[in-house]
Each structure stands twice: as structure tokens, then as C-alpha cells.
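Here's the structure we're looking at; comments come further down.
The values are calculated or read from the model by the stated rules, or taken from the named source; none is laboratory data. This structure is a prediction, so every number in the text was calculated from the model and none was measured. Heads up, the Cβs are rebuilt from the backbone with ideal geometry, glycines too, and the neighbour counts pull from every protein chain shown.
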Amino acid sequence: MTKAEHILQVYCSLPDTPQRTRRVAEIIGCRPEYVRVVARQRFGGGASEIDRRYRQSPLGLYIRNEWRKRKYRNDPAFRERKLKSDQRWYWERGGREWRREYNRQRRAEHRA
């Protein structure tokens, strides 16, 4: 087990208190700054709590979607990769038969 994995294991096992980082550092034998960095990078997907909240907010999602649309329009290589990915996703799920079943379910939901 690496030091980072050990930090995450201890970090997740302790209750969420203001002293959690300091306690983990004492248990592991390292600096609290290192614990904070490891927890932010590994536990939070590389983002701080406020960054994660912003990305899930309506404004954050809107900006991300606008960025994707602009990239799709202006970058031919990105567009090709996206089309191939979409086609692969479609055929992995059964192609036309999957689409027919999906449409049947949508119509049934709409009628209900």
C-alpha cells in the first residue's frame, strides 16, 4: 500500500471534523499539507469541494456545455472523435433494436 493510499484509507475512516487533516498527519507521520493535497487530488477527483459544487451548478454545466458545442463546431478532429464514439456507443447497445425499444419506452412514458 502506498503512502497516498494509506492516507486515503485513514482519511475516509475518520469523521469529518476540522481537525481530521491534522489527525491523519499525526497517524501517518507526515505534514498536514501533504494530507490535504492527497485528499484533494485522489479523494475529490482533483478538485476542491467548491470546484466540484461549481461544476455541478447550472452555471457550471452551462459553461461546460457551451465549451463542448464551440469545440464541436470549430475542431474537426474533435468532431470526428465524437461521432466515432457516439456510433460505437450506439452499436454496442444493439443498434436499431436498442433504438426501437428506447423509443417504445419513451412513447409509453409520454402517454402515461
Which residues, taken from the stretch 1-35, are without any contact (Cβ under 8 Å) to a residue 24 or more places away in the chain, under 21 Å from E49 (Cα atoms) and among the aliphatic types (A, V, I, L, M)? V10, L14, V24, A25
Based on what the data block shows, is I50 within 27 Å of R40 (Cβ to Cβ) and surrounded by 11 or more Cβ atoms within 10 Å (Cβ to Cβ)? no
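Here's a check for you: in the stretch 22-52, which residue that is in a helix (DSSP H, G or I) and more than 15 Å from K3 (Cβ to Cβ) is modelled with the lowest pLDDT?
Only one residue fits best here, namely E49.
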